[in-house]
Amino acid sequence: MNRIVALILLFILMGGGCAAQGPPMPLEEDVGLVWPDPPDPPRIKFLYSLSRPDELGIRKNFFQRLWEFVAGEQLERVVKPYDVAAAGNRIYISDVALRVIHIFDLEARRYQQVERAGDRYFDSPLGIAVDGEDRFYVSDPGTRQIHLFDRDGKLLRSHEVAEDIFRPTGLAFDRTRQLLYVVDTMGHKIVVFDQDFRRRRLIGGRGGRDGNFNFPTHAFVEKGGRLHVVDTFNFRIQAFGPDGKYLFKFGRAGDSLRSFSQPKGVATDSDGNIYVVEGRMNVIKIFSSTGQLLLVFGGLGPERGRFWLPVGLYIDNSDRIYVADSFNRRVQVFQYLRAKP
Amino acid sequence: MMRLCRWILPIALFLVAYSGLAWGAGIVGSKHDLSSVTGPGPVKALSPALGGTTEICVFCHTPHNANSATDVRPLWNRNLSEQAYTTYTSFTLEHTAPALPTGVSRLCLSCHDGSIPIGSVLNIAGSSREITMTQRFITGQKQIGPDLRNSHPISFVFDAALKAADGQLFDPPPLVENRPSADVKLWDGGQVQCPSCHDPHRVQYPKFLRKPKFSQTDNLCIVCHDQPGWTSSTHRNALQVVNFGDGDGSHNVAERACLSCHDPHTKAGASRLHRDGANAAGVSVPSNTCFQCHKSLVPAVGQDVQTQFNKIGASHPITRDTATSNSGHEPIITTVTGIPPNTALPEDVLLVPGTASARGVPMTKHVECTDCHNPHRVRASNRTEGIRGIDITGAGTTVVQNVINDPELPDGTQKQFQLCFRCHGNSFDRFIPVRLDATGQPIRTTVGVPASLNTSGSNKFVEFQPSNNAYHPVAAAGRNTSAALNNQLAAAGLNTGSIIKCTDCHNSNEATTPGRVSNTPNMVSGPHGSIYTRLLRGRYVTDPRPFTRGPFVANNFQLCFFCHDVNAFNDSSRSRSDLTNFFSNDRENLHWRHLTNIDGVNDFGNALCHDCHYNIHSNVESANTLFEPPPDGDTHLINFDPTHTTADAAKPLWFFNPPNTTRFGRTSPGRNTISCNLVCHGVRHDRVDRFFYEHTPS
């Protein structure tokens, strides 16, 4: 009898313990999509696209399937991604339609949805930022909260923003100084928090002058501590030093290549090039660290390498570029190919 | 050139603001004024020196900035041409995926995505791609969801061909020509887009709409939608005041017009843009829209139909034929996922039985309000106005374009059955759920059709044919024109030439006034719900068989006695030949004898009406009776319960005896008589105990 029980347990453990074994899918399929076109040396390469976990070979294990048999299937796909962040091989995607955070763990081949912060469901999870310790922040302007989660989506703490912060959307985290930058879109300012959510600094105010904002949306901090802010309705990018001092700006309204029509996400690569998502034209524009236009890639469409109203942007330490392609219901990942020095 | 360009826009705005044209001035200070200087706020500077006025339009209208200077060219790719981008006035023609929103609507969507509220407005392709549903809904939030089914369709061409195919549209509005204009327009080559209804530049009406939201005669919807019969409909002209608690305040139904029942950005999961047309799980429940008003409200708005449907018992479908199980035309879809959304039964299937639906709409066995009522054309003076029906004539495919339910037609014929034949006619097999008897076997009354779990009941189109031998007079006057029957019906205000409606029997249990059922303000007349089984307005016991010692309980057959005088059946003192022809040789009332249980001396029949009139609609499909009718052909709706047997024949026999004829070993008297050959409770109504009862020509 004991042997039978042990055998049964063994089978259950085998089925449940082996998480998600499926035929491994190559994450980096070489489809040959590069920009710019040859014969120019390639700078950006398409890697893969994230929309559904089963496309990446992430299968549900036995226990998950059993649970879903009882409780009903969860919709597991990216529906309307707003922002994206990544730490190593873990990718966090905020989804405004499903009101969840998708967590793709490409190394462990696991997928997870976070739909709650503790016992409070998300209302509109928008900005995501990762800190250096495998934790991530989520801003939820609908509930006026900024949440901190651990790498598995367990809530560590929540902070309700003060009344003078109207709509916290974009997030950026400075690992060196351990500062969280929160973009207050309706308040036209950046609020700088420390680890304990104490306010350190305010940057901006509404207006058209240097250092002012008009509906800023996204922000990104590069390694040296320089903060880049997408000043969306002033149609420009502004850069600030780690002390909040205004450094420079570039961009203006227009439909030419170096102009902006509706700038959304921003990020920098390891060479200091500034990438800006141009939402209305469905492209990513790449500028040098001094604001010179380097490359424009993308275009409208559902194919790989094209976008449909892209929003969020993130570049990790390995120069992988993540783009939240909102209306194509996916996150596309590219690689910046560093020029050999 | 650049200097002039810089000045044109502010000068134009300056002129526009002062000339009173509502174009640019309409947007300044509105929710679409995103300028860092002017809005919404106290400062309304017009001077370009402040750098403010140029910024109002630029958030949606990207200015040209075609700088041919070389520093614009990307350093990494010197071959990229500036001509890759279209100008700011045309957003279409580029995309290749057909199912995503196109054109000008993307302009709206590129901003309304969450960072700058209104909420998170999001649209992903509708019917041609996989529909995704969000997992939870916050009630009251107007979200244009990933499921496009809950928003008015956009990105489709509205032209004369569409108008001809639809049949309920006016001519297409004009294409975009001159701006500004307040009218409803088509965009991007004749397409309906977000700006067809919303004018982002002007706040004339709430939500940037181009027309008033609440107006009986000048609302937005009727610019394009031409519903036949709407102008005379009760729903268009009703003046009851309703407040839905959604912040729009109180308006009367006429003023709400289309918005009483439709919401262009409705709850996720609702079909046909029904207002409030989905439940908390996001499953489409069209009847919820009707129940917004047609429920118990104080003061009352519409007739309270919801209370009728609430009578339907928890056990569905009805599997046991008891006297007290609730029943009704159940319109509510279950909340079990996987059952296709309820969109009412397909019209083409209802009218031509046996056909598959041309539109591929899945068949469900649930009924919706709109299967019987056309809400655009319904009138208090004819509650089925605009519904098509199947007539009694022909092969069951004769379609009547409009069923007249109220009032009865002047010549006394009624046509309500045309509506019922949509489901209870030749195609009943596909809609009527199976009914099981006490042992769990399916009940069948149709001769020759094998019993199966998919069918039950019977074909009313066949049963009510005027050529049949006996039937309740639904489609034609009955065959029994005897004086006795006339007297039976007189107290109820009927006679042998009367024609009744289906709803004179199948109605709410509150229809307790004898005779025909009429619709009064306090009672909802109709086959919606009843506490009695089979949607009957009164008790009609068939199973289990009650047994009480004493005279029979009239209340067990309350249904019949709404029209038929009960004295014809329960009077034991005389034959009551004035009211009935069913009496014996020695003038005993045979109905009384069969129905009563005991008279203190003898045990009698303890029968139910059901025993001999098994199918009281008609006996054309008697599965267990053989007839030898009298010369006048009337069989008095006799058809025996399937459990009756006889020793002399395969089935019980009901037959006419000419005078002085010998049959089964007995000789009939010298008068016309009728006999039954069957066994009941061991009483053999055959050779030995055969009875003769008077046959009076009917």
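The values are calculated or read from the model by the stated rules, or taken from the named source; none is laboratory data. This is a predicted model, so every value here is computed, not measured. Cβ atoms come from the backbone with ideal geometry, glycine included; neighbour counts cover every protein chain shown. In case anyone asks, the SASA skips ligands and DNA or RNA and just uses the protein heavy atoms, side chains included. Shrake-Rupley method; radii C 1.70, N 1.55, O 1.52, S 1.80 Å.
Quick notes on this one:
- The set of residues from the stretch B:512-529 being surrounded by 15 or more Cβ atoms within 10 Å (Cβ to Cβ), more than 25 Å from B:Gly396 (Cα to Cα) and out of contact with any Phe, Trp or Tyr (no Cβ under 8 Å at 6 or more places or on another chain) comprises B:Arg516, B:Val517, B:Asn519, B:Met523, B:Val524, B:Ser525.
- Residues that are open to solvent by 50 Å² or more (accessible area, probe 1.4 Å) and away from chain B (no Cβ under 14 Å), drawn from the stretch A:136-154: A:Arg151, A:Asp152, A:Lys154
- Close pairs (9 angstrom Cβ cut-off, 6 or more residues apart or separate chains): aromatic (Phe, Trp, Tyr) in the stretch B:184-195, part of a loop (DSSP other than H, G, I, E, B) and surrounded by 23 or more Cβ atoms within 10 Å (Cβ to Cβ) anywhere: B:Trp187/B:Gln193
- Positions within the stretch A:240-249 being in contact with a Phe, Trp or Tyr (Cβ under 7 Å, 6 or more places away or on another chain) and either part of a loop (DSSP other than H, G, I, E, B) or surrounded by fewer than 20 Cβ atoms within 10 Å (Cβ to Cβ) (or both), in sequence order: A:Tyr246, A:Leu247
- Any chance A:Gln195 is surrounded by fewer than 15 Cβ atoms within 10 Å (Cβ to Cβ) and either over 19 Å from the mean Cα position of the chain (by Cα) or small (Gly, Ala, Ser) (or both): yes
- One residue alone among A:Ile146, A:Ile165, A:Ile237 is of a type in the set (Val, Ile, Thr), within 26 Å of A:Phe260 (Cβ to Cβ) and not in a loop (DSSP other than H, G, I, E, B), and that residue is A:Ile237.
- B:Ala281 assigned to a loop (DSSP other than H, G, I, E, B), at pLDDT below 80 and surrounded by fewer than 17 Cβ atoms within 10 Å (Cβ to Cβ): yes
- Residues being more than 18 Å from A:Pro42 (Cβ to Cβ), surrounded by fewer than 21 Cβ atoms within 10 Å (Cβ to Cβ) and more than 7 Å from chain B (Cβ to nearest Cβ) - total across the stretch A:269-302: 4
- For the stretch B:654-672, the set of residues classified as within 23 Å of B:Gly478 (Cα to Cα) and either under 44 Å from the mean Cα position of the chain (by Cα) or charged (D, E, K, R) (or both) consists of B:Trp654 only.
- For the stretch B:616-670, a residue qualifies if it is more than 24 Å from B:Ser467 (Cα to Cα) and charged (D, E, K, R), and the qualifying residues are B:Asp648, B:Arg663, B:Arg666.
- Among the criteria (1) part of a loop (DSSP other than H, G, I, E, B); (2) of a type outside the set (A, V, I, L, M); (3) surrounded by fewer than 19 Cβ atoms within 10 Å (Cβ to Cβ); (4) at negative phi, the one B:Arg539 does not fulfil is (3).
- Subset of the stretch B:233-257 [in contact with a Phe, Trp or Tyr (Cβ under 7 Å, 6 or more places away or on another chain) and open to solvent by 50 Å² or more (accessible area, probe 1.4 Å)]: B:Glu255
- Any hit, the stretch A:317-338, residues being surrounded by fewer than 22 Cβ atoms within 10 Å (Cβ to Cβ) and within 12 Å of chain B (Cβ to nearest Cβ): yes
- Test result for A:Thr185, under 23 Å from A:Leu126 (Cβ atoms), β-branched (Val, Ile, Thr), at the interface with chain B (Cβ under 8 Å from one of its Cβ atoms) and in contact with a helix residue (DSSP H, G or I) (Cβ under 6 Å, 6 or more places away or on another chain): no
- Of the residues making up the stretch A:56-78, none is in contact with a Leu (Cβ under 6 Å, 6 or more places away or on another chain) and assigned to a loop (DSSP other than H, G, I, E, B).
- Scanning the stretch B:633-658 for residues that are modelled with pLDDT of 85 or more, of a type in the set (A, V, I, L, M) and part of a loop (DSSP other than H, G, I, E, B) yields B:Leu637, B:Ile638.
- Residue match in the stretch B:637-647 (condition: over 30 Å from B:Arg539 (Cβ atoms) and surrounded by fewer than 17 Cβ atoms within 10 Å (Cβ to Cβ)): yes
- Elements of type strands (runs of 3 or more DSSP E) contained in the stretch A:85-135, each with 3 or more residues being under 15 Å from A:Ile146 (Cα atoms) and within 13 Å of another protein chain (Cβ to nearest Cβ): none
- Scanning the stretch B:48-64 for residues that are at pLDDT 50 or above and aliphatic (A, V, I, L, M) yields B:Ile56, B:Val58.
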